Amino acid sequence: MNKAVLPVSLNLAAWITLAIAVGVPLFALPVLPDEIPRHYDFAGNVDAMGSKWVILTLPGISLFVYGLISAFQRGAPHFAQMNTQLGRPAPNIDQLRLLLQAIKACTMAVFAILGGRTISIALEHPDLVPHWAVWILVALIIAIPLASAMLTKNPASDSSTPTPA
């Protein structure tokens, strides 16, 4: 894949999932019953109910997290400069931004799925959005930084790498 296409694709995915995470709860609000699920256990079962207005917390949190990750992306050069001043190797800024973009896209997808799942259960269509989809995205959010860290490991600092004779 072209190096320029991946950041654009991730940015587009983040914007689309943000639009879904914010838009769907806003559009569904008028048709929701007065009481909707507000919390789930690890198995995906509803363990707390709340007013239908609680659905508005998801778009608010989504926008906050999107803005926070975007701020980290914009601050990547400053982070690299701080590392250099502290005597640490500077990270690759493009890789750092790409990593944050991937995390942002996956996180927005989690919020979109959580909102969709809450709405589908509230409207008595619980199988419309399966609970395991959230766990797949959470696993991706964890796996992406780990994979990035393993792929960008500095071979010069690896003591198991043999030195040429």
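The values are calculated or read from the model by the stated rules, or taken from the named source; none is laboratory data. Here the structure is a predicted model, which means the values were calculated and not measured. Cβ placement follows ideal geometry from the backbone for every residue including glycine, while neighbour counts extend to all protein chains displayed. What goes into the accessible areas is simple: the full protein's heavy atoms, side chains included, and nothing from ligands, DNA or RNA. Shrake-Rupley method; radii C 1.70, N 1.55, O 1.52, S 1.80 Å.
Observations on the structure shown:
- List F111, F79, F27, F72, ordered by accessible area with a 1.4 Å probe, largest first: F27, F72, F79, F111
- FRET efficiency estimate (nearest 0.05) - Cβ-Cβ, D34 to S70, R0 30 angstrom: 0.30
- Computed lengthening from V138 to A48, 0.36 nm per intervening residue step minus Cα-Cα distance: 30.3 nm
- Long-range amide H partners of Y40 with built H, under 5 Å: D47
- Shown are D41, D34, D47, whose ranking by accessible area with a 1.4 Å probe and every protein chain present, most to least, is D34, D47, D41.
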